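Visitor: Here you go, one structure.
The values are calculated or read from the model by the stated rules, or taken from the named source; none is laboratory data. Source: prediction; values computed, not measured. Every residue, glycine among them, receives a Cβ derived from its backbone with ideal geometry; neighbour counts consider all protein chains shown.
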Amino acid sequence: CTTTVGSYLADRLEEIGLKHYFAVPGDYNLVLLDRILENKNLEMISCCNELNAGYAADGYARATGGASAVFVTYSVGGLSLLNAVAGAYAEDLPVIAVSGGPNTNSEAEFEMLHHTLGKLDYDYQRDIFSKVTAEAVTIRDPHEAPTKIDHAIQTALRFRKPVYIEIACNIADAITSKPNVRSFGGPTASDPVSLKAAVDHVANLLNNAAKPVLVSGVKLRSFGAEENFHKLADASGYAIASMPNAKGFFDEQHPNYMGIYWGPVGSPGCGEIVDSSDLCLFAGPTFTDYTTTGHAALVDPSKVIQARPNSVVCPNQTFSNVKLSEFLEQLAPRITANDASMVAYKRIQEDPPALSAGAPETPLSTRQLVSRVQQMLTADSAVIAETGDSWFNGMQLNLPTGSRFEIQMQYGSIGWSVGALLGYCIGAPERRPIALIGDGSFQLTAQEISTIIRYNLNPIIFLINNGGYTIEVEIHDGPYNNIKNWNYADLVHVFNAADGNGWSGKAATEGELDEAIKTAKSHNGPAFIEVLIDRDDCSKNLLVWGSHVAKNNGRPPRVN
Ligand SMILES: C/C(NCc1cnc(C)nc1N)=C(/S)[C@H](O)COP(=O)(O)OP(=O)(O)O
Ligand SMILES: [Mg+2]
C-alpha cells in the first residue's frame, strides 16, 4: 500500500510503542487525522480541549514510561496545547505534539488565513513551540517528511523532552517513502573514560564517609535509572530518602527507606539524618525553591554528590557525559556496605501518630481523608496528586510496593491532574488510579471528566471542596483566593448525559466518606467523591511550607 506523510507518522508512532493518541480536530488537521486513523493499531482518544489533550499525553507518558502523541489544529489548537507541552518539558516527558499547518501555497500567495494572528506570518507557532520543546519542525515538502519525522522522534526519546511537528494541511496525504527499518534508541551512552573516573572517584568518597546516605530525585524515572538506584540502595545498606517529586520511584516498603526529604516538611527523622550525614549521594535531583521548601532544606554542597542525567557533580570535581543509569549501575558493586546512617535513623525513628476514626457524624477533616485514602492503597494503585494541599496530603501516604505516585511539582500548573488522569487511565488500564484534586484546580479543566466517562475508565476521584485556593491562602491571602462554589458531584450527571457510567457522591462527615468510598470501590467505572473540607483545614506541612516559600518569594530586590 502507498505511504502518505500521515501514514508514515502513524507507523513510526506505532513502532515506538504507542497504542493511543489524543486529539482535537480542526480544518488544518482533518486529513492528517484520517491518515492516522487508518492505522488500526493506534486508538484515537478525542478530548474536549487541546490543553487537556496535552495533559492527557503527559499522563500517558508517565503511565507507559514511553512517548505519547497529541494532534491539534493550527494556532487556536496549538497555542492552547502549549502550556501542557511546556509542562511536559519541565517534567522530562517525550510528548510528540503534532499540529496541522497552513496550505503550502498560502505563503507564496500572501494568503491571509483564518485561526491565525491576521498577519502574513506562517512560522510563529513553530517558533513559539521551539521554546518549550527539544525540537520544532514544519513539514511542507512530502519528500522531507521521513527524515524530519524520524529526527524529531529520535530527539524526543534521546533527550526525554517534547517535540513539535507541524504538517501542512495539504500534504498530510501526499505520497512519501515508506519507513525504512531502523531503531530509535534512548539516551546515548556515557563517555567510558569519564564514567570510569566518576565511579572511581565517588566510590572512594562514599567508602571513606562515616554516615553516607542516598536520596532519590525526580530525574530517576525519566532517565531510566530507578532499577539501578534500587541495586545501589541494596548494595550500600545506607539510609534512603526520596525527594518529594520523586515519591514512589523508590520502593517505600524497602527496609532502609526513611521517607520524604523536603526540609522542614519532610518525613520525621528523615531531614535530620540527611542533613547530619557527612556525604549524600542525590540521584537525579532538582533543588528548586519548592523542592527545598524555600531553600530551608540544609543541603550543604560540600557534602553532596549529584548524579545528574548527563553528569556527576562532586564537591570539587565534575564528570561530564556520564549517564545517570550507567553511573549508578557501575557504582553499586564498588560500594562497601555501611549501615551507620540507618543505625542513626533507627535511634530517632518515630512511629506515625495513630489516627483513630471519629464517630460517623464527625465533620470530615483533611487528616481523616488522608487516612481513608491510605487504607485504599494497593500494589496496583496510582495516586495522582494535583497542585494544592493535595501535594502535602499525598506526601503523607505510605505507598505499597508496586503502587505509583504522580505529581507535577516542577511545573505545577493547576488543572493538570484531570487530563493527566485521563491519559494515565488509558496508558495503565491494569491500575485503578486515585486522584486528589482541589476545587480551584478542578475549575480549570473539569470538562475532561466527560472524556473519562466517555471511555468508561475507572479512576476514583476525590474532589476536595475547601472553598478556594488554600495553598495561595497560606502563602499570601487576598480576595483573589476565593472561588465560586459548584455542585461538583452533580457535574458527573451532566457529563453522563444518556449513557454515561459515572458515579458520584458527596461527603461532609466521616461516615458519609466511608459509605462513598465503599460504593466507589465497588463501582465498575468512574467514581467521583466530592469531599467538603473547612476552608482553613489544611495540612500542617502546607502551613510550614507556605511560610518558607512566601519568605523566599518576598526577598527584596538587590539594591546595587
Ligand atoms: C491558584 C493556585 N496556583 C496558581 C496557579 C494559577 N494558574 C495555574 C495554571 N497554575 C497555578 N499553579 C493554587 S496552587 C491553588 O491554591 C489551587 O487551589 P485548589 O486546587 O483548590 O487546591 P488547594 O485548595 O488545596 O490549594
Ligand atoms: Mg481548594
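Visitor: Condition test on P363, is it more than 16 Å from ligand 1 (Cβ to nearest atom) and more than 24 Å from the chain's Cα centre (by Cα)?
Guide: When the stated conditions are applied, P363 passes them.
Visitor: Okay, moving on. Search the stretch 382-419 for residues being within 13 Å of P459 (Cα to Cα) and out of contact with any strand residue (DSSP E or B) (no Cβ under 6 Å at 6 or more places or on another chain), and hand back the single one that is nearest to ligand 2 (Cβ to nearest atom).
Guide: Looking at the filtered set, the residue picked out is V418.
Visitor: Here is a further query. So if I check each of G423, G438, which one is within 16 Å of ligand 1 (Cβ to nearest atom), touching a residue at least 24 places away in the same chain (Cβ under 8 Å) and under 23 Å from the mean Cα position of the chain (by Cα)?
Guide: Within the list G423, G438, the selection yields G438.
Visitor: Another question about this same structure. Are there helices (runs of 4 or more DSSP H) fully within the stretch 1-112 with at least 2 residues that are within 30 Å of L444 (Cα to Cα)? List them.
Guide: The helices (runs of 4 or more DSSP H) meeting that bar are 30-37, 50-64, 78-90.
Residue-wise test of (1) closer than 21 Å to C425 by Cβ; (2) more than 13 Å from ligand 1 (Cβ to nearest atom); (3) among the aliphatic types (A, V, I, L, M).
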{"position": "T509", "(1), (2), (3)": "no, yes, no"}
{"position": "A516", "(1), (2), (3)": "yes, yes, yes"}
{"position": "R535", "(1), (2), (3)": "no, no, no"}
{"position": "L542", "(1), (2), (3)": "no, no, yes"}
{"position": "P557", "(1), (2), (3)": "no, yes, no"}
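Visitor: Cβ-Cβ distance below 6 Å, separation of 6 or more or different chains: which pairs start in the stretch 231-242 with a residue that is buried (at least 23 other Cβ atoms within 10 Å of the Cβ) and end on one that is among the polar types (S, T, N, Q)?
Guide: Going by the 6 Å Cβ cut-off, the qualifying pairs are Y238/S341; A239/N256; A239/S341; I240/N256; S242/S216.
Visitor: Which condition breaks for L220 when tested against (1) of a type in the set (A, V, I, L, M); (2) part of a loop (DSSP other than H, G, I, E, B); (3) within 18 Å of the chain's Cα centre (by Cα)?
Guide: (2)
Visitor: Let me ask you something else. Of the residues T104, T147, which single one is without any contact (Cβ under 8 Å) to a residue 40 or more places away in the chain, over 16 Å from L81 (Cα atoms), among the hydroxyl-bearing types (S, T, Y) and out of contact with any Leu (no Cβ under 7 Å at 6 or more places or on another chain)?
Guide: Just one listed residue meets the conditions, T147.
Visitor: Name every residue in the stretch 234-271 that is assigned to a loop (DSSP other than H, G, I, E, B) and of a type in the set (G, A, S), in order of residue number.
Guide: If the condition is that a residue be assigned to a loop (DSSP other than H, G, I, E, B) and of a type in the set (G, A, S), then G237, G248, G263, G266, S267, G269 are the ones that fit.
Visitor: Condition first: free of Cβ contacts under 8 Å to residues at least 24 places away in the same chain and polar (S, T, N, Q). Now tell me which residues in the stretch 172-190 satisfy that.
Guide: Correct list: S183 only.
Visitor: Right, another one. Quick one: in the stretch 174-204, which of the residues that are β-branched (V, I, T) and surrounded by fewer than 18 Cβ atoms within 10 Å (Cβ to Cβ) is farthest from L13 (Cα to Cα)?
Guide: For the stretch 174-204, the residue satisfying everything is V193.
Rundown of residues vs (1) under 22 Å from F327 (Cβ atoms); (2) touching a residue at least 40 places away in the same chain (Cβ under 8 Å), yes/no style:
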position: D251; (1), (2): yes, yes
position: P255; (1), (2): no, no
position: M258; (1), (2): no, yes
position: G271; (1), (2): no, no
position: S276; (1), (2): no, yes
position: V312; (1), (2): yes, yes
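Visitor: If you don't mind, another one. Taking the stated definitions as given, is I471 within 13 Å of ligand 1 (Cβ to nearest atom), touching a Gly at 6+ places or on another chain (Cβ under 6 Å) and among the β-branched types (V, I, T)?
Guide: yes
Visitor: Considering every residue within the stretch 489-501, establish whether at least one is more than 15 Å from ligand 1 (Cβ to nearest atom) and at positive phi.
Guide: Within the stretch 489-501, one or more residues are more than 15 Å from ligand 1 (Cβ to nearest atom) and at positive phi.
Visitor: Residue by residue through the stretch 383-416, note down the ones that are within 10 Å of ligand 1 (Cβ to nearest atom), in contact (Cβ under 8 Å) with a residue 60 or more places away in the chain and not aromatic (F, W, Y).
Guide: Listed by number, the residues that qualify are T387, G388, D389, S390, N393, Q408, G412, S413, G415.
Visitor: Would you be able to say whether some residue in the stretch 449-467 is touching a Leu at 6+ places or on another chain (Cβ under 6 Å), within 16 Å of ligand 2 (Cβ to nearest atom) and modelled with pLDDT of 95 or more?
Guide: Among the residues of the stretch 449-467, at least one is touching a Leu at 6+ places or on another chain (Cβ under 6 Å), within 16 Å of ligand 2 (Cβ to nearest atom) and modelled with pLDDT of 95 or more, which makes the answer yes.
Visitor: Would you check if there is a residue in the stretch 509-522 being more than 28 Å from the chain's Cα centre (by Cα), charged (D, E, K, R) and within 15 Å of I449 (Cβ to Cβ)?
Guide: No, that holds for no residue.
Visitor: Go over the candidates N338, N316, N310 one by one and state the one that is at pLDDT below 95, out of contact with any strand residue (DSSP E or B) (no Cβ under 7 Å at 6 or more places or on another chain) and more than 30 Å from R367 (Cα to Cα).
Guide: Going through N338, N316, N310 in turn, the sole match is N316.
Visitor: Let me ask something additional. Give the residues of the stretch 512-535 that are closer than 30 Å to E472 by Cα and either among the small types (G, A, S) or without any contact (Cβ under 8 Å) to a residue 40 or more places away in the chain (or both), sorted by residue number.
Guide: Answer for the stretch 512-535, where residues must be closer than 30 Å to E472 by Cα and either among the small types (G, A, S) or without any contact (Cβ under 8 Å) to a residue 40 or more places away in the chain (or both): A516, A527.
Visitor: To continue, here is another question. Can you tell me which residue among D173, D150 is in contact with a helix residue (DSSP H, G or I) (Cβ under 8 Å, 6 or more places away or on another chain), assigned to a loop (DSSP other than H, G, I, E, B) and not aromatic (F, W, Y)?
Guide: D173
Visitor: List pairs: first in the stretch 338-353 and assigned to a helix (DSSP H, G or I), second hydroxyl-bearing (S, T, Y) and crowded, with 18+ Cβ neighbours inside 10 Å, Cβ under 6 Å, 6+ apart or cross-chain?
Guide: Partner pairs satisfying both residue conditions: S341/Y238; S341/S277.
Visitor: Please go through the stretch 476-491 and pick out each residue that is assigned to a helix (DSSP H, G or I) and either within 14 Å of ligand 2 (Cβ to nearest atom) or not acidic (D, E) (or both).
Guide: Listed by number, the residues that qualify are P479, Y480, N481, Y488, A489, L491.
Visitor: Considering A379, A435, A446, which residue is among the small types (G, A, S) and more than 16 Å from ligand 2 (Cβ to nearest atom)?
Guide: Unique residue meeting the criteria: A379.
Visitor: Which one of these is at pLDDT 95 or above and touching a His at 6+ places or on another chain (Cβ under 7 Å): I240, I260, I273?
Guide: Selected residue: I240, the only one of I240, I260, I273 that is at pLDDT 95 or above and touching a His at 6+ places or on another chain (Cβ under 7 Å).
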